[in-house]
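Q: I'd like to ask you about the structure that follows.
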Amino acid sequence: MSFVNIKKQYLAIGMLVFVILFLFNTRPVFQCQFNPEQSSYLPTIYGITPTYLRLAQKADLTRLSQTLMLVKNFHWIIIEDSEEKTKLVANLLKESNLKYTHLNVKTQKSKHSTLLDINVCVFQTVKFNTSWYCASGVEQRNTALDWLRTHLATAEDKRGVVYFMDDDNTYSLKVFEEMRKVKKVGVWPVGIVGGMRVEMPVVTDGKVSGFNAWWKPFRPFPIDMAGFAINATMFLDHPEAKFSRKVQSGFQESEILKYFTTTDELEPLADNCTKVYVWHTRTQKPSILNPKKLKLKHPPIPDDHIEV
Ligand code: UGA
Ligand code: MN
């Protein structure tokens, strides 16, 4: 065998090895094996949102649903405060491609309550209008919890986290990342609420030692609905846990939390409660002109057939 022939053999083997390595490297099966997303478990987030008919409802739900489309492993439980489910909400949910459960239950109690409800409803002045104000979302959230318990009872995977979400708040995607860490009950700051820039748990040596709240600071848990999430499995362990018409607005959070935790057991999230990832924004009530009352020479074309 001459020196030239040996060189050719090495060259052929070298090329073969190169071709084999190239083919294996481009096979997607090898790339998938190292995808970290496949191996890490993500608990389901059950977001519970009461909603009611008003002019800005579709705008609020559009903004919220489009945030939720970006959240992985999310199940939206939306409960209409109405006798019947509306087409507006049903279509919005269908078009969203979200995983959802659509429920309804009408609040029986009138917003303009009587003196008999003095312990439950508060007399409140908003922009020179004084009226009785009762807590919202009580029956709706309880209906959602009934559904959740039935669902989890037969579900193979009972793990998850429950988050009570108003339909007009502003949610950063980061708040959902935080709540997946919850073991029992996790808490974090809420921006622009209770007359403060930020209402938040006070953390000392990694534990919740109190709350920085100005509105009704004597509440057992002076914290907004948007500022905590609860391990879903615990709702099976506590079938009695629910919201109550017997307590007023502001105390509903304490009402549900009392079944699951104490202040010193709370798990501070969002960088030891130093970051704001959710804001208690409120959509301004729109003022719309009534063309019938205006008696205009050229009244606007009727628009009742258009869903807004
Ligand atoms: C605050 C809290 O952030 C709410 O979680 C709490 O339910 C509420 O107070 C209360 O206890 O009354 P706030 O902005 O004042 O929030 O309340 P809304 O956003 O008007 O209502 C809370 C949720 O209930 C919303 O998702 C809303 O769509 C729904 N809602 C409101 C009804 O289902 N029916 C109503 O008549 C009013
Ligand atoms: Mn709100």
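The values are calculated or read from the model by the stated rules, or taken from the named source; none is laboratory data. Predicted model, so just to flag it, every value in this text is computed and none were measured. Using ideal geometry, Cβ is built from the backbone for each residue, glycine included, and neighbour counts are taken over all protein chains shown. Protein only, heavy atoms only, side chains kept; ligands, DNA and RNA dropped before computing areas. Shrake-Rupley method; radii C 1.70, N 1.55, O 1.52, S 1.80 Å.
For (1) within 16 Å of ligand 2 (Cβ to nearest atom); (2) among the polar types (S, T, N, Q); (3) not assigned by TED's automatic domain parsing to the domain that holds Thr263, each residue gets a yes or a no:
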{"site": "Lys158", "(1), (2), (3)": "no, no, no"}
{"site": "Val162", "(1), (2), (3)": "no, no, no"}
{"site": "Asn169", "(1), (2), (3)": "yes, yes, no"}
{"site": "Lys181", "(1), (2), (3)": "no, no, no"}
{"site": "Trp188", "(1), (2), (3)": "no, no, no"}
{"site": "Ile192", "(1), (2), (3)": "yes, no, no"}
{"site": "Met196", "(1), (2), (3)": "yes, no, no"}
{"site": "Val203", "(1), (2), (3)": "no, no, no"}
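Q: Check Gln66, Gln57 and return the single one that is away from ligand 2 (no atom under 16 Å from the Cβ) and assigned by TED's automatic domain parsing to the domain that holds Leu148.
A: Of the residues listed, the single one that is away from ligand 2 (no atom under 16 Å from the Cβ) and assigned by TED's automatic domain parsing to the domain that holds Leu148 is Gln66.
Q: Still on this structure: Has region 88-98 got any residue that is more than 10 Å from ligand 1 (Cβ to nearest atom), touching a residue at least 60 places away in the same chain (Cβ under 8 Å) and surrounded by fewer than 18 Cβ atoms within 10 Å (Cβ to Cβ)?
A: yes
Q: Can you confirm whether region 268-288 contains a residue that is at pLDDT below 95 and more than 16 Å from ligand 2 (Cβ to nearest atom)?
A: Yes.
Q: Right, something else. Can you list the helices (runs of 4 or more DSSP H) lying wholly within region 211-308 that have 3 or more residues being free of Cβ contacts under 8 Å to residues at least 40 places away in the same chain, more than 16 Å from ligand 1 (Cβ to nearest atom) and outside the structural domain of Ala59 (by TED's automatic domain parsing)?
A: 291-294
Q: Related question: Looking at region 252-282, which of its residues are open to solvent by 50 Å² or more (accessible area, probe 1.4 Å) and in contact with a Lys or Arg (Cβ under 7 Å, 6 or more places away or on another chain)?
A: If the condition is that a residue be open to solvent by 50 Å² or more (accessible area, probe 1.4 Å) and in contact with a Lys or Arg (Cβ under 7 Å, 6 or more places away or on another chain), then Asp264, Glu265 are the ones that fit.
Q: Condition first: modelled with pLDDT under 65 and not aromatic (Phe, Trp, Tyr). Can you find one or more residues in region 39-56 that meet it?
A: Yes, some residue in region 39-56 is modelled with pLDDT under 65 and not aromatic (Phe, Trp, Tyr).
Q: Let me ask you something else. For the condition buried (at least 17 other Cβ atoms within 10 Å of the Cβ), in the same structural domain as Tyr259 (by TED's automatic domain parsing) and either under 17 Å from the mean Cα position of the chain (by Cα) or away from ligand 2 (no atom under 16 Å from the Cβ) (or both), what is the one hit in Leu173, Leu148?
A: Answer to the check: Leu148.
Q: Looking at region 72-85, which of the residues that are touching a residue at least 24 places away in the same chain (Cβ under 8 Å) and surrounded by fewer than 18 Cβ atoms within 10 Å (Cβ to Cβ) is nearest to Thr283 (Cα to Cα)?
A: Among residues in region 72-85 that are touching a residue at least 24 places away in the same chain (Cβ under 8 Å) and surrounded by fewer than 18 Cβ atoms within 10 Å (Cβ to Cβ), the one nearest to Thr283 (Cα to Cα) is Asp81.
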